[in-house]
Amino acid sequence: MPIIDGERVIADLKRLAEFGRYKTGVHRPTYSPIDVESRHWLADKLGEAGLDTVIDGIGNVIGRNPSARQRLLVGSHSETQPYGGWLDGSLGVIYGLELARAFAADPNCAALGIEVAAWADEEGHYGNYLGSRSFTDALPEEEIDQTRGRDDGTPLRQALERAGFAGRPPERVDPKRYIGYLEAHIEQGDTLDTSGLRIGVVETIVGIWNYRVSLIGEQNHAGTTRMVRRKDAGVSMVRLATRIHDRFPEIAGPRTVWTIGRILLEPNAPSVVPGRAEMLVQFRDADIDRLAAFERNLHELVNEADRAGPCACEIETIVRTEPRPMDPGFQEQIEAAAERHAPRLHLRMPSAAGHDAAVLSYRMPAGMMFIPSLRGISHHWSEDSKEEDTVLGAQVFADAAERILRAETFTRRS
Ligand SMILES: [Zn+2]
């Protein structure tokens, strides 16, 4: 079994966190100068680990193993959320780096190759999973042309130019090259932490369905418009939001979550009756039938609100990602590795967050492993994990990767 160096893992994670450090977390948006610097640092480290490394036209850092006969692709993303945590994404990238080194140092693993990817923009500063979608040939050029930064509207083409990545060829997957894709990540929720467990084996990455609900009323003077005459889009929206939050628990499964995360009023002024209101509604579940039931109910409530008046009510689908099951064989191997290093302290569970592994799973078998997040906090600079869990996770991950590579060798030969 390849043996990981726990101190080296922690030291590399701390070094990567220096790029854009903010309090105890990191502010490293995709394609920002500090993000570009960190990608060059990563590329150098992967090169030192013996991988042929490139940064491609979308900013993916890809380290290839020139000599192995069986290859497993391992990675995660390397940018962070605004003022986010130091482990979200970075953990999986540094585990990949450590696995490349540990496999190279183990003579028994000479034929087994770890290749490493640090995907660009999983966190959505510009688009959705730009790096992994580009790699899997699922990112059309026209989308790159049209995409702009979510904060300041910078065209993606311009950001790539400034980063020095424009004009570089995109790296594309050759599924035949890989046995599969493996990603380690912090859980981001509190399931493992609150139950004293140390490893999560991901069964499914949830589907995430997003909608824009608009209410159209009549903008008017807040003093002179009598109450009976009003078509107040704000009132209609609040009523509808309440009905949604009342209805969803009746049809929810044990892990369904839903959020109205953004509300807008127009013109949003103290002395004006709102003429238009908008809210973004999102729900997540691992079961596609349940997602469909949520959608039916949401449409029903919107239609009821529209019929009841006085405001017109419309709904528009923004994006729906399918739940993505992880490879059952990979789950077994991760679980076996977890049982060896942390007996009975592991759990099969869904991932309630989206990950690049979902994108990769359309092209090759994919698997994911979690380590606990302290108090379930993530997407915040205070995000953290126990050092002993980070080190244990790296060893379980290395063991799991070897099991997957050897299991496949066995299957192919027999
Ligand atoms: Zn992440």
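Read-outs throughout are calculated quantities, based only on the coordinates presented, and are distinct from any laboratory measurement. If you're wondering where the values come from, they're calculated on a predicted model, not measured in any experiment. Note: ideal-geometry Cβ built from the backbone for every residue, glycine included; neighbour counts use all protein chains shown.
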query: With a Cα-only, solvent-free Debye model of the range 63-212, what are the log10 I(q)/I(0) values at q = 0.11, 0.19 Å⁻¹?
result: -0.53, -1.33
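Find the Cα radius of gyration of the range 220-367, compare it with 2.2 N^0.38 Å by division, and give the number to two decimals.
Working: Rg = 21.6 Å, N = 148, 2.2 N^0.38 = 14.7 Å.
Dividing the Cα radius of gyration by 2.2 N^0.38 Å gives 1.47.
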- prompt: In whole Å, how far is the Cα centre of the range 157-213 from that of the range 269-314?
  reply: 29
field: Added length on full extension, which subtracts the Cα-Cα distance from 0.36 nm per residue, ASP152 to GLU316
entry: 56.6 nm
task: Sorted from largest down, give the three principal axis spans of the alpha carbons of the range 62-115, whole angstrom values.
output: 41, 17, 11
statement: With the dipole of the chain defined by +1 on each Lys or Arg Cβ and -1 on each Asp or Glu Cβ, the option from HIS380, VAL74, LEU51 whose Cα lies farthest towards the positive pole is HIS380
- request: Name the shape class, rounded, prolate or oblate, that the alpha-carbon gyration tensor gives for the chain, where a ≥ b ≥ c are the square roots of its eigenvalues, rounded holds for a/c under 1.5, and otherwise prolate holds if a/b is larger than b/c and oblate otherwise.
  value: prolate
field: Fewest-first ranking of TYR178, TYR31, using other Cβ atoms within 10 Å as the exposure measure
entry: TYR178, TYR31
message: To the nearest 20 Debye, how big is the dipole of the chain about its Cα centre, given +1 on the beta carbon of each Lys and Arg and -1 on that of each Asp and Glu?
response: 500
- prompt: Based on Cα positions only, what radius of gyration and what Dmax would you give for the range 6-142, in angstroms?
  reply: 14.6, 46
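Return the Rg/Rh value of the range 1-41, two decimal places, where both radii are evaluated on C-alpha atoms and Rh is the Kirkwood radius.
Working: Rg = 12.4 Å, Rh = 11.3 Å.
Using Cα coordinates only, the ratio equals 1.10.
Taking the Cα centre of the range 1-102 as origin, work out the dipole magnitude from +1 charges on Lys and Arg Cβ and -1 charges on Asp and Glu Cβ, in debye rounded to 20. Please report the intermediate quantities before stating the final value.
Working: 12 positive and 13 negative charges, 26 e Å.
The calculation lands at about 120 debye.
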query: In a GNM of the chain with a 10 Å cut-off on Cα contacts, which of GLY127, GLY261, GLY180 has the highest mean-square fluctuation?
result: GLY261
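Taking the number of other C-beta atoms within 10 Å as the exposure measure, put MET368, MET1, MET237 in order starting with the fewest.
Working: MET368 29, MET1 15, MET237 26.
Ascending Cβ contact count within 10 Å gives the list MET1, MET237, MET368.
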message: As a footprinting exposure proxy, order ILE251, ILE208, ILE4 by other Cβ within 10 Å, with the fewest listed first.
response: ILE251, ILE208, ILE4
field: Spin-label model distance (nm) - ARG172 vs GLN282, 7 Å beyond Cα toward Cβ
entry: 3.1
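Using the Kirkwood radius over C-alpha pairs as Rh, can you work out the diffusion coefficient of the range 135-266 via Stokes-Einstein at 20 °C, viscosity 1.002 mPa s, in µm² per second? Numbers along the way, then the final one.
Details: Rh = 21.1 Å.
The diffusion coefficient I find is 101 µm²/s.
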statement: Once phi for every residue in the range 375-385 is put through the Karplus expression 6.51 cos²θ - 1.76 cosθ + 1.60 (θ = phi - 60°), the whole-Hz ³J(HN,Hα) values, with Gly and Pro written as x, are 6, x, 8, 8, 6, 8, 4, 7, 3, 7, 9
statement: Residues of the range 231-271 with backbone N under 16 Å of the label point set 7 Å from the Cα of HIS221 along Cα→Cβ are 231, 270-271
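How charged is the neighbourhood of THR53? Take every other residue with its Cβ under 14 Å from the Cβ of THR53, and add Lys/Arg as +1 and Asp/Glu as -1.
On the way: positive: ARG39, LYS45, ARG64, ARG101, ARG168; negative: ASP44, GLU48, ASP52, ASP56, GLU115, GLU171.
Spelling it out: positives minus negatives among the neighbours equals -1.
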